[in-house]
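Chemist: Before I ask anything, let me first share the structure, which is written out below as C-alpha cells.
The values are calculated or read from the model by the stated rules, or taken from the named source; none is laboratory data. This structure is a prediction, so every number in the text was calculated from the model and none was measured. With ideal geometry, Cβ positions are generated from the backbone for all residues, glycine too; neighbour counts draw on all protein chains shown.
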C-alpha cells in the first residue's frame, strides 16, 4: 500500500489539471491498511486548499447508508423485506392506490417501486421534514406496476428514511449518527450544513452554460427532506472507506450485495442489490455506488473478494474521468483486476429508424424530445425542469445513432460522458413507451 500512497500524492495534482477538477480526496483500504490523499482547491472563490480531513458531499452514496439502516432493522426482526411498506407506514399514499398498498420494502430498496423518483420537494429544515415529504407523495404518478422494471428512484429512499424514523422513533439524522456514524467512528461526517461548517468543506463547482467555465455553486445542498437519498451527507474520504470496510468484514451485510434485479442495457452496472449497484458480477465482482449533487461527484468501489475499497470525492470538472484513472490504477495494482470499462462507441455510425423512438418523454426534472430531421438523422434534446432548472442545469442536445438493439448512442457527450439511452416497452402502436437513461421517462406524445 505504500506504493499506492506515493503514487496518489505524486499523481493526483496532475490528474486534477488533466480533468479540470478543482479538488479531490481519495482513500483506499486494503485489508487492515489504509492510505489517503487530497489535492486542489475546495472553493475557487476562497482559495482554501484541500486536505485529507476535508469533507465532500457523497450524494447518492448516502443511499447505501440508508439501506444499511434498513438492513439493521431486518436483522433485528423489526422489518421484513417482502411485506408492504404500509405495514410500518400506514399513511403512505401514492398517485396509484394499488401501488401504495402493495409496494414492498425490497422494491423500495431495489429501485423497482415504479413511481416517479426525482421528487425534490423542500418541506423545510425541521425534524418533521421527512414526514411532510412522504405525505406529499400522494400526487406522484406511477410509471409502472411495482416490480415490473428498474428505474432509479430518489423518492423511494426518502420513504425508506421515513420508515427508519418511525421504527426507531427518532429523526433520520439522529438514527444515522446513532446506528452508523458513531459506532463506526466516522468522526468527519456532517449530516447538514450546520455540522459541515465545523470542518474544512468542499464547495461544488458548476458550469451553467456550454464551455462557460466552472464557478462555485451558490447553493451548497439540496433540501433536507431528501437526506436519505443523498442531499446532505458529507464526509472525508477515509470515513467513506471505513464504512466500506464495515461492509467488507461484516458477514451479515453480504446479503445486500446479492443481485436483485438486472439493469437495462445502458452501459452502467449489470444488476442492483439491496442498496448497492453491481457493476460486474463475474469473474471478480465489483460493487459500489456513485453520488452526484450540486457540483460534486463521489465514487465508491468495493472488491469483496480482495478486501479492497477505493473512494474518490470531487467538487466539479470531469470527476468520472478522474475516478476511472485512480480506481483503475488501484484495482490493477492491488488486485490485478481491471475496472469495468466504459461503453465503446459503435464502429460505424448508422441512423436508426425514428418511428419507434421519436416523441416527447417527461419526468419531474426533464422534458426530452426525440425527433428526426430533414436529412434522416435522429436527435435528442433534453430541457431541465423543476429543481434541475432552478440550479441552472444546462440543456443537452445530441444526435443519436444505432448501438445495441433499442439502446442508442449519443454522439455528443454530456459532462464528459457518453451515456447510452434505451427505449423500452410499447405504447400499443409499436412506439417505445419509455426512454430509459437510468430513469424510465414516460412517453407523453
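Chemist: From the list 356, 382, 377, 349, which one is in contact with a strand residue (DSSP E or B) (Cβ under 9 Å, 6 or more places away or on another chain) and without any contact (Cβ under 8 Å) to a residue 24 or more places away in the chain?
Modeler: Unique residue meeting the criteria: 382.
Chemist: If you don't mind, another one. From the residues in the range 413-432 that are in contact (Cβ under 8 Å) with a residue 40 or more places away in the chain and assigned to a strand (DSSP E or B), which one is surrounded by the most Cβ atoms within 10 Å (Cβ to Cβ)?
Modeler: Among those residues, the one meeting the criterion is 421.
Chemist: Output the residue which, of all residues in the range 1-38 that are without any contact (Cβ under 8 Å) to a residue 60 or more places away in the chain and crowded, with 22+ Cβ neighbours inside 10 Å, is farthest from residue 219 (Cα to Cα).
Modeler: Among residues in the range 1-38 that are without any contact (Cβ under 8 Å) to a residue 60 or more places away in the chain and crowded, with 22+ Cβ neighbours inside 10 Å, the one farthest from residue 219 (Cα to Cα) is 35.
Chemist: Look through 240, 180, 186, 176 and report the one residue that is touching a helix residue (DSSP H, G or I) at 6+ places or on another chain (Cβ under 9 Å), over 27 Å from residue 87 (Cβ atoms), part of a helix (DSSP H, G or I) and at pLDDT 95 or above.
Modeler: 240
Chemist: Output the number of residues of the range 140-171 satisfying the condition of being on the phi > 0 side of the Ramachandran plot and without any contact (Cβ under 8 Å) to a residue 40 or more places away in the chain.
Modeler: Count: 1.
Chemist: Assigned by TED's automatic domain parsing to the domain that holds residue 424, over 29 Å from residue 64 (Cα atoms), in contact with a helix residue (DSSP H, G or I) (Cβ under 9 Å, 6 or more places away or on another chain) and outside any loop (DSSP other than H, G, I, E, B) - does that describe any residue in the range 348-370?
Modeler: yes
Chemist: Right, next: Which of the following residues is within 23 Å of residue 189 (Cα to Cα) and out of contact with any helix residue (DSSP H, G or I) (no Cβ under 7 Å at 6 or more places or on another chain): 77, 31?
Modeler: Every option except 31 fails the conditions.
Chemist: Would you say residue 408 is buried (at least 19 other Cβ atoms within 10 Å of the Cβ), in a strand (DSSP E or B) and without any contact (Cβ under 8 Å) to a residue 60 or more places away in the chain?
Modeler: yes
Chemist: Something else about it: Which of the following residues is surrounded by fewer than 18 Cβ atoms within 10 Å (Cβ to Cβ) and under 27 Å from residue 269 (Cβ atoms): 160, 184?
Modeler: Being surrounded by fewer than 18 Cβ atoms within 10 Å (Cβ to Cβ) and under 27 Å from residue 269 (Cβ atoms) holds for just one of 160, 184, which is 184.
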